[in-house]
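A short write-up of the structure that comes next.
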Amino acid sequence: MLTVVVSVLAAALVGAAGPRVLAVLPEPEPAEPAPSEEGVEGEAPPVEEEPKPLYADLARTRGLALWLALGAAVLAALSTYPLRDEPSFAPVWVLFSGVGAWLAFIDWRTRLLPFMITVPLHAGVLLLVALAALLQRDWSVLVHGLVGNVVLFAVFWILWFVGTRFRGGALGYGDVRLGAVIGLALGPLGSTTTTVGGYAGFLLGAVGGLVLSALKIVNPRSFAFGPYLVVGAALGVALGPVFG
């Protein structure tokens, strides 16, 4: 249990650092406006989205550090308790839980998963999975992580690619990057856990999206999938042994 307690506290500290990171996070390059298509009958004009909130403004959200710390602590508890007998995996999920809380908040408010966070997270998780393999003296841990990384990246990329061919595709490319990180973190825990963690994110997103769209809380054409993917990954660790 000591591993779980330390992991939860460490993840909470990482989560609480979120506002400081947001305050210095570079804004994305503005997207070029799409060419107008005039004279198409029966087609409604595109709906203008509200401007993206500035990261620096989001960093000043009241109580944000506390909420991110709590969110990270819950994610860490879900993911590290089932791994309490294998503490070498705990750092992977401490990092994922803390930074995952940032990403969930940012995506919910901006519909973006910043490249400047997802790529360093990917590198950090890779290093920690390699460290777990070294501590266990079992390099299959790293191999399974890389296989999970490639498989979930491929699945998310295909869904993103298909979605871009149709209006209202739910996944953005940031979700594809996050999916690769999730596969890397879940892969060493087995194919069942990886499948459950990946599928749980989609299931939560589908159900949550339908409910929130019905309540007019979110626009179904501009939907934040990241929070559900982060929670789904933690649930995968918690529920994987049940299905395995």
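Some observations on this one:
- Rounded to 10°, Cα long-axis angle of helix 2-16 versus longest principal axis of the chain: 30 degrees
- Prolate/oblate/rounded label for the stretch 70-184 (Cα gyration tensor, a/c 1.5): oblate
- GNM remark for the chain: springs join alpha carbons under 10 Å apart, and the peak mean-square fluctuation among SER140, SER97, SER88 falls on SER140.
- Debye, to nearest 20: dipole size of the chain, +1 on Lys, Arg Cβ, -1 on Asp, Glu Cβ: 720 debye
- Per-residue HN-Hα couplings for the stretch 101-113 [Karplus 6.51, -1.76, 1.60; θ = phi - 60°; Hz; x = Gly/Pro]: 5, 4, 4, 4, 5, 4, 5, 4, 8, 10, 6, 9, 10
- Between the beta carbons of THR164 and TRP108, assuming R0 = 30 Å, the FRET efficiency works out to 0.85 to the nearest 0.05.
We did not get these values from a lab; they are worked out from the coordinates using the rules stated. Since we're looking at a predicted model, the values are computed, not measured. A quick note on method: Cβ atoms are made from the backbone with ideal geometry, for glycine too, and the neighbour counts reach across all protein chains shown.
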